[in-house]
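Structure record follows, encoded as structure tokens.
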């Protein structure tokens, strides 16, 4: 009986302490709810319910091909949204080889009626930018933005634990930059910029042609293929996935896997991560704003009259 009385007394004391606790202010509740929402969207435990020590990290155990194929599929989805399917239909009438077909489709996407890749490239040179790597990353940012979603989905589908925060766009941009550098495309574009040997709207198609030739795209393939989009997707996945030309002689998928697993166990210094994240986010927003401007949906504030 004494035990029951003691237990009830402790319970009442605890309840009294809880009632005496100062209620959370509206501002504090809003703060907690905001960050809980951010945690949920990032796939993390809500920080109001768990301690920081419970934020878990997990390495990716899937295949390199899964990563590279997922990213390339995202690029094709972006190209489809910008008229790739109609470009394939028109280009396959006059082109039989894979290289010629891909170059024709690339020209269509590069034009103002497609994704406006040439316009984006020229806009950078008009803005006094002559750094080839930065221009290429900016020009590719629309496709990289879509493919980073597929990159994240591939990782999420294979993991079983909560993951550490990871900047998919930044890592994917770095891997794409290494891929282009591995085939000499960055140097190729830089030489053109330094020598003023091409008009700006000729550089993209010229770089595409150089990359297609260096990467043996179209080797052993003919027009007998059925579904042209599926055929081009499979061809691109096979060539990009097998090319060990990234930093350290790594393949595209291998580089992404190594970067993710390194991030899952150790983060970059905070100041380095902030600079990198800001740079990539700015570039992605610039691409979104540029496409909106082309459609008359984005207006910049000009200078006030003098």
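The values are calculated or read from the model by the stated rules, or taken from the named source; none is laboratory data. Bear in mind that the values here come from a model prediction, so they are computed numbers and not experimental data. Every residue, glycine among them, receives a Cβ derived from its backbone with ideal geometry; neighbour counts consider all protein chains shown.
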Is at least one residue of segment 150-166 under 22 Å from residue 291 (Cα atoms), modelled with pLDDT of 85 or more and either in a helix (DSSP H, G or I) or touching a strand residue (DSSP E or B) at 6+ places or on another chain (Cβ under 9 Å) (or both)? yes
Hey, among the residues in segment 188-202 that are under 23 Å from residue 246 (Cβ atoms) and at pLDDT 85 or above, which one's surrounded by the fewest Cβ atoms within 10 Å (Cβ to Cβ)? 190
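Among the helices (runs of 4 or more DSSP H) lying completely within segment 44-125, list those that include at least 2 residues that are modelled with pLDDT under 85. Working first, answer last.
Numbers: elements: 64-81, 84-91, 98-110.
Helices (runs of 4 or more DSSP H) meeting the threshold: 98-110.
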Looking at 104, 91, which is the one that is more than 15 Å from residue 234 (Cα to Cα) and more than 26 Å from the chain's Cα centre (by Cα)? 91
What's the number of the condition residue 174 fails, among (1) at pLDDT 85 or above; (2) buried (at least 22 other Cβ atoms within 10 Å of the Cβ)? (2)
Please verify whether segment 238-260 includes one or more residues that are outside any loop (DSSP other than H, G, I, E, B), touching a residue at least 24 places away in the same chain (Cβ under 8 Å) and more than 30 Å from residue 99 (Cα to Cα). yes
